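Scroll down for the structure; my scribbles are underneath it.
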Amino acid sequence: MDIITHLLDGFVVALQPMNLFLVIIGCAVGLFIGAMPGLGSVNGVAILLPVTFIVPPTSAIIFLCAIYYGAMYGGAISSIMLGIPGASTAVATTFDGRPMAVQGKADKALVAAAVASFFGGTISVILFTAFAPPLAHVALVFGSAEEFALMMLAFGTFVGLGGDDIPKTIFSILIGLVLSAVGLDIISGAPRLIFGDISGFYHGINFLVLAIGIYGIGEILWTIESSRGEVQVSQAVVSVQRILAALKEMGKCIKTMIMGSLVGYFVGLLPAAGATPGSIMAYGFAKTMSRNPKSFGEGNIQGVAAPESANNAASTGSMLPMLTLGIPGSPTTAILLGGMVIWGLEPGPRLFVDQTEFVWGLIASLYVANLFALLLNVAFIPVFIWVLKLPFTILAPVIFILCVVGGYAPTQDMHDVWLMLIFGVVGYLMRKLDYPMAPMVLAIVLGPLAESSLRQSLLLSGGSMMVFVERPISGPIIGVAMLLFLLPVFKALKRRRDAGKASEG
Amino acid sequence: MRRAEIMMAVVLAIFSAYLMWKSAELPIGWVPDRGPGGGAFPFWLSAGMLLSSLWILVRALRGVTAQSQSTEPYFDSQSAVLVALVVGALTVMIASMHWIGVYGAIPLFFVFYMKIIGRHSWLQTLSFAVITPIVTFFFFEILLNITLPKGITEPLFYPLYDIFL
């Protein structure tokens, strides 16, 4: 088996002392970030990406993925202890986690969340290992038309499945793409969209400037505004015996966890969906499947296990299209993808051929990260509870400083720091009006690739748009993308017809 | 909220139109042998931005969106003051980085944020104000070799450069 040998080679990379150390640090940092109300994996990865310039790319992505994983575990901690989701991905965990904490079963809920996360993570990494190489192999024949079609598909999922206001979603996608076009035109080399002749625009707008602006500065402003009130931290009685007892009880949850993992994984593959809807869907399924659906919402342990296994599985799921196709499956993976470009790697199916050490090292590190996230999570429950009590007026300035210095680091230009502040504030104001931010970040990362693949395809076809429809692979992809773009129209028509029927009857 | 929704749509529409005009500085049509001109991609996308912001505006005026129906204020006065203070502090900090450098701006920012906004004790405030710049210096300047802006404080760092670089 080819995959097994590759995976074993990957473990050799992942278990190198430095990488192992980075996994442990990454998991701990991720757990911490995830546990903080308001901050999730995407914020952690965006703010800390500049810090990883210190190590080689493989170690850098291993570290960032460990943060991604850790944050998925950590999100549950504040959902349970505060009743406030630590990250949007842990919203569904509050439904039953909080009641359990109120009933004095916080330790049980925390252990259930950790075990379910481990379960979801592990199942999804196994699925990932099995699916990724064949998919990458298929994708090797993709040309520029297929690449463009895939990006249309990614944007289509936001419009069709994202669930946000349609014109606002479209606006968000388009502005991200336009911002990515700032700088020197790739083909003619002519300066383009240089506002006010400011020299800082010549090197283009680095995606990190937008990502840190929105997910660093904007997110903290959002949290400052929404978390003004005092929050009540539940008490948790933690002892080794109680943890062991809670572990034993997890046997009942196996079916729920398998279901949650599968739902999360497949929902996670879609760029617009990802961990948040995945975990909510898994919660819904668990409730329908249960013999006692009424107990959900009142502290049923299955209601913690389902969303927690799903959100971890989704985070792995979203890495599959990122690594094999070069299309990120979530905002966090979009930032990882942008990071890969900064590190000098070319995302896409060639990675599996040219950068086997990188790819398999990463995959193996996911197995390792899962294990450490579980161990750290259970071992340091008291520490994380203490973290929740830290006043935000200490954390906010520290994070702001990290954002400012991190925004300066990639280009070493104060111009970018100013832009980041502007993006952060404007993004925050737009977010208050429900403009979705994830499509914008995805678009600015994919923008340069989208433009070059579009222009290449058109050049080859002599300007005919039919090239996207006629080719055997890109045709169906574009077809599905168009369906997704039109899905809201169909829904609206159906609603109008139903409304018409109702008023007639 | 309704007024904010409408104003945002108008501002975004104007911004999109500006982007269209700006992209049109490069050829937006077909350039023989080179395919679409350099301005085409941003031009048509900003045209799309203009259309979608007009669409948002129409929906807002007709009261279809949730925001345009909401009677809640866009900002209540308390959070407006808080957010304005924080954004103001950030702006002043970034501006002062040009002049007194990162290592002058960071401690001042901490003092303002932790003491005035957060009302923490002087001990806590000062320990953060001192430790953060030191960690920043060692991590970014020594380990990553990224020179952060220092403004007029530059000469103070010459001895440190001699020791570490």
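Values for this structure:
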{"read-out": "Selection status of A:LEU345, surrounded by fewer than 20 Cβ atoms within 10 Å (Cβ to Cβ) and within 17 Å of A:LEU64 (Cα to Cα)", "value": "yes"}
{"read-out": "Lone qualifier among A:THR324, A:THR316, A:THR276 - being at pLDDT below 85 and within 30 Å of A:SER453 (Cβ to Cβ)", "value": "A:THR276"}
{"read-out": "Test: residue in segment A:333-355 that is at negative phi, among the acidic types (Asp, Glu) and without any contact (Cβ under 8 Å) to a residue 60 or more places away in the chain", "value": "yes"}
{"read-out": "B:ALA80 being more than 7 Å from chain A (Cβ to nearest Cβ), in contact with a Pro (Cβ under 9 Å, 6 or more places away or on another chain) and closer than 14 Å to A:VAL398 by Cβ", "value": "no"}
{"read-out": "Counted residues, segment A:118-171 - those being surrounded by fewer than 24 Cβ atoms within 10 Å (Cβ to Cβ), within 14 Å of chain B (Cβ to nearest Cβ) and in contact with a Lys or Arg (Cβ under 9 Å, 6 or more places away or on another chain)", "value": "3"}
{"read-out": "Among residues of segment A:426-447, those that are within 10 Å of chain B (Cβ to nearest Cβ) and of a type outside the set (Lys, Arg), counted", "value": "9"}
{"read-out": "Residue among B:ILE142, B:ILE131, B:ILE163, B:ILE116 that alone is in contact with a helix residue (DSSP H, G or I) (Cβ under 6 Å, 6 or more places away or on another chain) and surrounded by fewer than 17 Cβ atoms within 10 Å (Cβ to Cβ)", "value": "B:ILE142"}
{"read-out": "Filtered residues of segment A:403-420 (kept if at the interface with chain B (Cβ under 7 Å from one of its Cβ atoms) and either among the β-branched types (Val, Ile, Thr) or in contact with a helix residue (DSSP H, G or I) (Cβ under 7 Å, 6 or more places away or on another chain) (or both))", "value": "A:VAL404, A:VAL405, A:TYR408, A:ALA409, A:MET414, A:VAL417, A:TRP418"}
{"read-out": "Options B:TRP44, B:TRP99; residue that is aromatic (Phe, Trp, Tyr), touching a residue at least 40 places away in the same chain (Cβ under 8 Å) and more than 8 Å from chain A (Cβ to nearest Cβ)", "value": "B:TRP99"}
{"read-out": "Selection status of B:ALA4, touching a residue at least 60 places away in the same chain (Cβ under 8 Å), at the interface with chain A (Cβ under 8 Å from one of its Cβ atoms) and either surrounded by fewer than 17 Cβ atoms within 10 Å (Cβ to Cβ) or among the aliphatic types (A, V, I, L, M) (or both)", "value": "yes"}
{"read-out": "Condition met for A:PRO472 (without any contact (Cβ under 8 Å) to a residue 24 or more places away in the chain, outside any helix (DSSP H, G or I), away from every other protein chain (no Cβ under 14 Å) and of a type outside the set (D, E, K, R))", "value": "yes"}
{"read-out": "Conditions (1) buried (at least 17 other Cβ atoms within 10 Å of the Cβ); (2) more than 8 Å from chain A (Cβ to nearest Cβ); (3) over 30 Å from A:PRO167 (Cβ atoms); number of the one not met by B:SER68", "value": "(3)"}
{"read-out": "Helices (runs of 4 or more DSSP H) contained in segment B:24-111 and holding at least 3 residues of a type in the set (D, E, K, R)", "value": "none"}
{"read-out": "Index of the failed condition, A:PRO271 passing every other in (1) touching a Gly at 6+ places or on another chain (Cβ under 9 Å); (2) closer than 25 Å to A:TYR68 by Cα; (3) modelled with pLDDT of 85 or more", "value": "(3)"}
{"read-out": "Scan of segment A:287-304 for residues that are under 13 Å from A:PHE95 (Cα atoms), outside any helix (DSSP H, G or I) and charged (D, E, K, R), ordered by number", "value": "A:GLU298"}
{"read-out": "Single condition B:ALA9 does not satisfy, out of (1) crowded, with 21+ Cβ neighbours inside 10 Å; (2) modelled with pLDDT of 90 or more; (3) facing another protein chain (nearest Cβ under 8 Å)", "value": "(3)"}
{"read-out": "Qualifying position, being surrounded by 23 or more Cβ atoms within 10 Å (Cβ to Cβ) and within 20 Å of the chain's Cα centre (by Cα), among A:ALA369, A:ALA450", "value": "A:ALA369"}
{"read-out": "Matching residues, segment A:411-430, being within 17 Å of A:LEU48 (Cα to Cα) and under 22 Å from the mean Cα position of the chain (by Cα)", "value": "A:MET420, A:GLY424"}
{"read-out": "Conditions (1) part of a helix (DSSP H, G or I); (2) out of contact with any Gly (no Cβ under 8 Å at 6 or more places or on another chain); (3) within 13 Å of chain B (Cβ to nearest Cβ): number failed by A:PHE423", "value": "(2)"}
{"read-out": "Members of segment A:117-171 that are over 30 Å from A:SER309 (Cβ atoms) and among the small types (Gly, Ala, Ser)", "value": "A:GLY143, A:SER144, A:ALA145, A:ALA149"}
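The values are calculated or read from the model by the stated rules, or taken from the named source; none is laboratory data. What you see is a predicted model, and the numbers here were worked out from it, not measured in a lab. No Cβ is skipped: glycine too gets one built from the backbone with ideal geometry, and neighbour counts run over all protein chains shown.
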